[in-house]
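Contents: one structure, followed by commentary.
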Amino acid sequence: MESYPISLEISGSTAMWTRPDTGDSPVSYPVPTYSAAKGIFESIVRIETVEIMPTKVEICAPIIYHNYSTNYGGPLRKSPIMATGDSYQLLATVLINVCYRLYAELRPA
């Protein structure tokens, strides 16, 4: 059976394709990773009898990095911080005003 090409365009005000080597202050890759693109397609296609193979990503808007900070008050804070009820400030470098065109092939599983 042949492969079937598919494509889609995604855009948004903020995106984060996290680099695992950036630790506590995450920094975004400029484009979606292979696994992120595959996950995006799989969440839409939802057919178990095909394999989705991402092939290409086109950048449709300029890459703009933005420093982002938020206060985290969840259970992963250190014990002394939790005892006082304080928040942990999370710093990140994200992308803003993004637009990508993703391409993939559907192949029989």
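The values are calculated or read from the model by the stated rules, or taken from the named source; none is laboratory data. Since the structure is predicted, the reported quantities are computational estimates derived from the model, not experimental observations. Neighbour counts run over all protein chains shown; Cβ positions are idealised from the backbone, glycine included.
Miscellaneous remarks
- Flag for Val31 being assigned to a loop (DSSP other than H, G, I, E, B) and under 25 Å from Leu106 (Cα atoms): yes
- Evaluation of Asn67 against (1) loosely packed, with under 14 Cβ neighbours inside 10 Å; (2) in a strand (DSSP E or B); (3) touching a residue at least 60 places away in the same chain (Cβ under 8 Å); (4) under 17 Å from the mean Cα position of the chain (by Cα) (one fails), failing number: (3)
- Flag set for Ala37, criterion: surrounded by 13 or more Cβ atoms within 10 Å (Cβ to Cβ), part of a helix (DSSP H, G or I) and in contact with a strand residue (DSSP E or B) (Cβ under 7 Å, 6 or more places away or on another chain).
- The listed residue being touching a strand residue (DSSP E or B) at 6+ places or on another chain (Cβ under 9 Å), among the hydroxyl-bearing types (Ser, Thr, Tyr) and not in a strand (DSSP E or B), out of Ser11, Ser25: Ser25
- If the condition is being more than 15 Å from the chain's Cα centre (by Cα), part of a loop (DSSP other than H, G, I, E, B) and free of Cβ contacts under 8 Å to residues at least 60 places away in the same chain, then segment 43-63 contributes Arg46, Ile47, Cys60, Ala61, Pro62.
- Selected residue [over 26 Å from Arg107 (Cβ atoms), charged (D, E, K, R) and surrounded by 13 or more Cβ atoms within 10 Å (Cβ to Cβ)] from Asp86, Asp21: Asp86
- Among residues of segment 23-42 that are over 16 Å from Ile63 (Cβ atoms), those with a beta-carbon under 6 Å from a residue that is of a type in the set (S, T, N, Q) and modelled with pLDDT under 95 at least six positions away or on a different chain give the pairs Pro26/Thr18.
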